[in-house]
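K.L.:
Take this structure, written in structure tokens, and hold onto it; I'll ask about it next.
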Amino acid sequence: MMQDTIAAIATPSGEGGIAVIRVSGDEAVAVSDRLFSGKAKLADVPTHTVNYGFIRTPHTGERVEEVLVTVMRGPRSFTKEDVVEISCHGGFVSVRKVLDLVLESGARLAEPGEFTKRAFLNGRIDLSQAEAVIDLIRAKSDRAFRIAMKQSEGSLSKRIGELRHRLVELMAHIEVNIDYPEHDVEELTNAFIKEKCSLALEDIERLLVTAEQGKILREGLVTAIIGRPNVGKSSLLNTLAQEDRAIVTDIAGTTRDVVEEYVHVNGIPLKLLDTAGIRETSDVVERIGVEKSRQALSDADLILLVFNGAEQLLPEEREMIAELAGRQVIAIVNKVDLPQQLEEADLSEAFGSDRVVRMSLLEQQGIVDLEKAIARIFFSGQVESSDLTYVSNARHIHLLKSARSALQEAFDAAESYVPIDMIQIDIRTGWEHLGEIIGDSVSESLIDQIFSQFCLGK
Ligand code: GDP
Ligand code: ZN
């Protein structure tokens, strides 16, 4: 199958030490040879070698860039096609110039994600791995990055693959029982189906448990900072933002100037709500801020409730404490550098003593304690598993849930002695939903698979 040759700058735009242009397709080497001059023609160099030379304008022979060119012939490449990577060490302008020359010499500008799409279409990676590549690019924290990395290496695919394999075995048993009822095969009991289904359901459940954490890792733990005026909310925000240079995103299309800000606490991304409101100090905006804070409150996964330790609790603060019972709250007693008036026992009683953190934002004290408290909530007592298979993609979560309900139906059907060919349909549906996660739901292949592994003709 002929593949046209695509090219794009593979490194982020802007100034950098080096930039890489990636070329992939049948003509990748030929296109590059039209521009490259080095010791040998790229067509003649062994695969997986790095070659020093220059990029020249074909007509004038003018040197544009000094380069290192890596040649990787398919199928041993990311796309399984011939791939050439041209590393330039100039600024953005010269990289752009090299790309233009590559395009003039017969390559087409790649669409976004097209290299990864080719890797998928050519069977180099499956769908969940392709999606992980996207996650890698967007990862907002070290931890999210490691998880996406793991997924791109196929950890989710492997788990899904094992699960589906066991379902295929189960279906094979059922199929045999349907088609060859008189055949000498192991008697299928409803108990057997129920056992296999509940094992599969447990597996799916375990994956779904990770989904909540996975979502947080991708999107940030939605966090609201609240408290009455002057307790230190802005100071807290600034402190958190300093810890790790905040990424400020303007979300287009949202009303007003809602700003989302991400900060990282021990690798856990917090998506801080309503930061614009908190940063402003004028009275009018403080009042608007109250409205917004209400909204932020109901959306938040985590609430940082700030108090002034130098003052006693006000009635409205007591109300707030009562209102927040049952939510994920960390009570921050700020201004501990001043003589203390606040009754901490009231806070410990409401939220638990490990949820009360004493701080002086003025003197930058208690930050580590706050980080620990946040980490405790995030991992909710669980030891962080070294197995970083997190399901974090909405499509995967949806498919896992669909598979779960199909298998639950199969289980229930077995329990009420529904005919097994009916049960088979539910199991098959579950198997197909799981297959969609890794982009494999070719249902004709089911029959082949079943009989390829189950030898009847002995
Ligand atoms: P907000 O209105 O809740 O956002 O509070 P701010 O962060 O604007 O702080 C209000 C005032 O309290 C400012 O003058 C801060 O300098 C001061 N402040 C903040 N944190 C501390 C602290 O830990 N100790 C003391 N003594 N003052 C603080
Ligand atoms: Zn403020």
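K.L.:
Would you please put 55-62, 29-36 in order of how densely packed they are, using the mean number of other Cβ atoms within 10 angstrom per residue and starting with the highest?
P.N.:
Ranked from most to least packed, the peptides come out as 29-36, 55-62.
K.L.:
Further question on the same structure: Give the separation of the Cα centroids, region 20-61 to region 400-435, in Å.
P.N.:
Their Cα centres are 55 Å away from one another.
K.L.:
Once both labels are modelled 7 Å past Cα along the beta-carbon direction, what's the S37-S348 spacing in nm?
P.N.:
It is 8.0 nm.
K.L.:
So how do L313, L127, L362 line up by other beta-carbon neighbours within 10 Å, fewest first?
P.N.:
L362, L313, L127
K.L.:
Please arrange D44, D412 by how many other C-beta atoms lie within 10 Å of their C-beta, fewest to most.
P.N.:
D44, D412
K.L.:
Going down the table (K158/K194; K372/K401; K233/K271; K233/K335; K80/K117), which pairs top 21 Å between alpha carbons?
P.N.:
With Cα atoms farther than 21 Å apart: K158/K194; K372/K401.
K.L.:
Can I ask one more? Would you mind giving the three semi-axes, in whole Å and largest first, of the ellipsoid equivalent to region 6-121 according to its Cα gyration tensor?
P.N.:
20, 17, 13
K.L.:
Please give the contour-minus-distance gain from L121 to A310: 0.36 nm per residue of separation, less the Cα-Cα distance, rounded to one decimal in nm.
P.N.:
61.7 nm
K.L.:
Around H59, under 12 Å between beta carbons, what's the net of Lys plus Arg minus Asp minus Glu among the other residues?
P.N.:
0
K.L.:
How would you rank 100-106, 46-52, 65-71, highest first, on the average number of other Cβ atoms within 10 Å across their residues?
P.N.:
So the peptides 100-106, 46-52, 65-71, ranked by packing, come out 65-71, 100-106, 46-52.
K.L.:
Show me the ranking of peptides 201-210, 220-229 by mean Cβ neighbours inside 10 Å, starting with the highest.
P.N.:
Highest mean packing first, the order is 220-229, 201-210.
Bear in mind these aren't lab numbers, they're just calculated from the coordinates by the rules spelled out. These numbers were taken from a predicted model, which means no experiment stands behind them. So basically every Cβ, Gly included, is an ideal-geometry build from the backbone, and we count neighbours across all protein chains shown.
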